[in-house]
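FYI, it's all coordinate maths here, none of it is from the lab. Predicted model only: the values in this text are computed from it and were never measured. Neighbour counts run over all protein chains shown; Cβ positions are idealised from the backbone, glycine included.
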Amino acid sequence: KQPLILAGKTVTITAGPTREALDPVRFISNHSSGKMGYALANAALQLGAKVNLISGPVSIQPPSNAKLFHVESALEMHQSALKLATESDIFIGCAAVADYRSADLQTQKIKKQGDEMTLTLVKNPDIIADVAGLSHSRPFTVGFAAETQNVADYARKKLINKKLDMICANDVSNQAIGFNSDHNALTVFWSNGQQDLGLHSKEALSLSIMNLISSRLKG
Ligand code: PMT
């Protein structure tokens, strides 16, 4: 049994991938399973928080005590996140949000064309940066950085550019951790510190992250 260090706090977490439709039958997405975000939701619940879980399409079971918000696209996740963020004490962006969507969503199935075809994509809003940029009722904002190289360097840049309070970096080039695995290895960065949480189950790492957030909140 965990001490209820997050009692009275509302935590909003994004999890899973987003799906960017190209036409009625096709989409662009990624390999996020939702395991990391759902484990964070479970950890926050165990520590006594009220949890909003904004989830992209995944096939795992959500924690029964979280308030679940199903979304598909980055635009839908953005809308849901900004609505819930201002009533949250802590916001964690664990979702693997597509950076781009189709510029020209087709209402009919795209027909096969010549040997090559070009898709034009436009940038999606940066959800976590918009949450961190709120001028009123801004929650303590925690991002993730999924990198395949220069992990610490890129993570620190995201912490600064997105104006986050904390960022959890994972190396997603290693298939034993990160996307879809039951385990992960994380290093957490904040403005004047960092902590290597090591390689553990996503459940164990989630409890460490929530404890770290709680102590940074108090500080
Ligand atoms: O779901 P699993 O299979 O368990 O895998 C877990 C995970 C690898 C997906 C997770 O640990 C992880 O790293 N999540 C972040 C994935 C990601 O999109 O990282 P990024 O470095 O591209 O984005 C940086 C941050 O900006 C993230 O907090 C992301 O949620 C956020 N973002 C990105 C783009 C965008 N348009 N809006 C955002 O909010």
Exercise. Spin-label point model (7 Å from Cα, Cβ direction): what's the Tyr100 to Lys218 distance in nm?
Worked result: 4.6 nm
Problem set entry | Distance between modelled label sites at Lys123 and Asp23, nm, 7 Å Cα→Cβ extension | 2.9 nm
Seminar exercise, completed: In degrees, nearest 10, the alpha-carbon axis of helix 35-46 is tilted away from the dominant principal axis of the alpha carbons of the chain by 30 degrees
Seminar exercise, completed: Taking Lys and Arg as +1 and Asp and Glu as -1, residues besides Val51 with C-beta under 14 Å from its C-beta add up to +1
Exercise. Given H placed 1.01 Å from N in the peptide plane, which residues other than close sequence neighbours of Thr187 have an amide H under 5 Å from its amide H?
Worked result: Ala169, Leu197
Problem set entry | Cα radius of gyration and Dmax for the chain (Å) | 17.5, 62
Exercise. At 222 nm, what helix-only mean residue ellipticity would the chain give, in deg cm²/dmol to the nearest 500, using -39500 (n - 2.57) for each DSSP H run of four or more?
Worked result: -8000 deg cm²/dmol
Seminar exercise, completed: Here the FRET efficiency for Gln175 versus Ser135, based on Cβ atoms and R0 = 30 Å and rounded to 0.05, is 0.15
